[in-house]
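Notes for the one structure printed next.
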Amino acid sequence: MKQSALYKYLLLFTLMLFCAVSNFAQCSICTKTASQLGEKPAAALNTAILYLMMAPLAIIGFIGWKWWKTIRKGE
């Protein structure tokens, strides 16, 4: 795959992640807790869930990027 095509796919994937902010998901326990809290605290809980989800994804992405760069040096 050409490098420019890879960058296009990465850009598309990143844009799709940032555009999907309105799609919140919760486990059943969090949903019950959020419904008891009210509208504003429930929105804050959803945002916190997404915020906590991004740290492991960023770490995995960084490790994958470093691995990809190391493999590309060997070619």
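In this simple spin-label approximation, residue 18 and residue 60 carry label points 7 Å from Cα along the Cα→Cβ vector, and these lie 2.1 nm apart. Above 16 Å lies some portion of the pair distances; for the range 31-75, what is it as a whole percent of all C-alpha pairs? Counting every Cα pair in the range 31-75, those more than 16 Å apart make up 57 percent.
None of the figures in this text is laboratory data; all of them are computed from the coordinates on show. Since the model is a prediction, treat every value here as computed from it, not as a measurement. FYI the Cβ positions are ideal-geometry reconstructions off the backbone, even for glycines, and counts take in every protein chain you see.
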